1. Going by the structure shown, is Arg127 out of contact with any strand residue (DSSP E or B) (no Cβ under 6 Å at 6 or more places or on another chain), away from the ligand (no atom under 14 Å from the Cβ), open to solvent by 10 Å² or more (accessible area, probe 1.4 Å) and outside the structural domain of Met73 (by TED's automatic domain parsing)?
2. Pick from Gly216, Gly212: which is free of Cβ contacts under 8 Å to residues at least 60 places away in the same chain and within 16 Å of the ligand (Cβ to nearest atom)?
3. Name the pairs: first residue in region 29-50 and open to solvent by 40 Å² or more (accessible area, probe 1.4 Å), second residue modelled with pLDDT of 95 or more and not in a strand (DSSP E or B), Cβ to Cβ under 6 Å, at least 6 apart or on different chains?
4. Kindly check whether there is at least one residue in region 87-110 that is at pLDDT 95 or above, more than 25 Å from Arg323 (Cβ to Cβ), in contact with a helix residue (DSSP H, G or I) (Cβ under 9 Å, 6 or more places away or on another chain) and small (Gly, Ala, Ser).
5. Suppose the filter is open to solvent by 10 Å² or more (accessible area, probe 1.4 Å) and without any contact (Cβ under 8 Å) to a residue 40 or more places away in the chain; does Glu143 pass it?
6. With (1) within 16 Å of the ligand (Cβ to nearest atom); (2) part of a loop (DSSP other than H, G, I, E, B) as the list, and Ala114 as the residue in question, which single condition is left unmet?
7. Just one of Ala75, Ala114 is in contact (Cβ under 8 Å) with a residue 12 or more places away in the chain and over 20 Å from Ala244 (Cα atoms); which is it?
8. Mind listing whichever residues of region 235-247 are within 11 Å of the ligand (Cβ to nearest atom) and of a type outside the set (A, V, I, L, M)?
Amino acid sequence: MSQTEAPPSFSRRQTLVGGCAAATMIASGCSARVGDALTATDTHVFGYPTVQAVIRFGEILSERTDGRLSLKMYAGGQLGNERDTLEITTFGGLDFNRVNLAPLNSIEPLTKVAALPFLFESTEHMRTSLDGEIGEEILASLEPHGLIGLCFYDSGSRSFYNTRAPIRTPDDMRGLKLRVPGSDLYVAMVQSLGADAVPMPLDEVYQSLAQGVIDGAENNWPSFESGKHFEVARFYSLTNHLLAPEVFVMSKISWDKLSASDQALVRDAAKQSVPYMRKLWDAQVEKSKAIVLGSGVEVNEVEPAPFAEAMTGMWDRFIDNDRQRGLVERIQALRKGGGA
Ligand code: GTR
């Protein structure tokens, strides 16, 4: 396929069956380019705040270059799940990708820092920590892996939902089969609470809940709602265990093809898309909450302490070098509560 041809239209099914289409693209040196547009992908659908923020990023690029640079967004996981599309991005088959930190955990240990349960005490704490030098250090750690980390986006806080009963204490989680993203940190997190962890791509969760393959999962309000998981998992228990951010990355191969001034523009446009995303995000959380609550899902508050105790106990397994420890300490020092 030449760079000016339209990309093959992948059905979600095709790409999920072994990611063959993606592999072929890489092997044949194809990329998913449309005309000269740069390409981006996101597992979420059009309208979701991360997708809209990346589209806004593309508009800024176009405005600032009089259309010389533009962006084509492949939303809704149509090019495959996050792990597969990250691989394509690394090989230059896609220019940009918006993913969660989870699939980066197995690629770069520093990303585990911001994915630790109960590390951030609030959204404000997460934003303050990652908007500055700490965030820049984590983003820069992706470069040796073929990715340029451009910015972090909000992802709210993640809580458990399931098809059986409200979760009030870790004891209520024993024996539950809970889906997690493909990250050993997430697996350990769920195991530390006595549940069985089932790593699985996001787009298989709805069906697996409906068929009883899993009993539940964990995610933020917008993903719980947008993936329609709330239609089958009717109990949402607000553990708020994780405030790990989303990440917007560029392929290093594509980055190296840009002039220094275009690189600076890309960085700047990405930063500019962050406040835009946060505004959309805050509104989306409220909208998703209203939809979920309106549908009659039973939502319960939990006392976080026993969950925090179990889940922070496993930090040491993942934070095992001085650089990671240093970042954790700097993030903890920014807590308003000041606690460790
Ligand atoms: C969402 C996140 C996605 C994906 C998903 C998951 O909150 O926005 O990027 O990581 O969670 O659980 O797989």
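1. So Arg127 does not fit the description; no.
2. Residue meeting the stated conditions: Gly216.
3. Short answer, once both residue conditions are applied: Val45/Ala75; Val45/Gly76; Phe46/Ala75.
4. Within region 87-110, one or more residues are at pLDDT 95 or above, more than 25 Å from Arg323 (Cβ to Cβ), in contact with a helix residue (DSSP H, G or I) (Cβ under 9 Å, 6 or more places away or on another chain) and small (Gly, Ala, Ser).
5. Judged against the criteria, Glu143 is not a match.
6. So Ala114 meets the others, but not (2).
7. The match here is Ala75.
8. Passing the criteria: Pro245, Glu246.
The values are calculated or read from the model by the stated rules, or taken from the named source; none is laboratory data. What you see is a predicted model; the values in this text were computed from it and never measured. Methodologically, a virtual Cβ is constructed for each residue, glycine included, from the backbone with ideal geometry; neighbour enumeration extends over all protein chains shown. The area values use the complete protein model at the heavy-atom level, side chains included, leaving out ligands, DNA and RNA. Shrake-Rupley method; radii C 1.70, N 1.55, O 1.52, S 1.80 Å.
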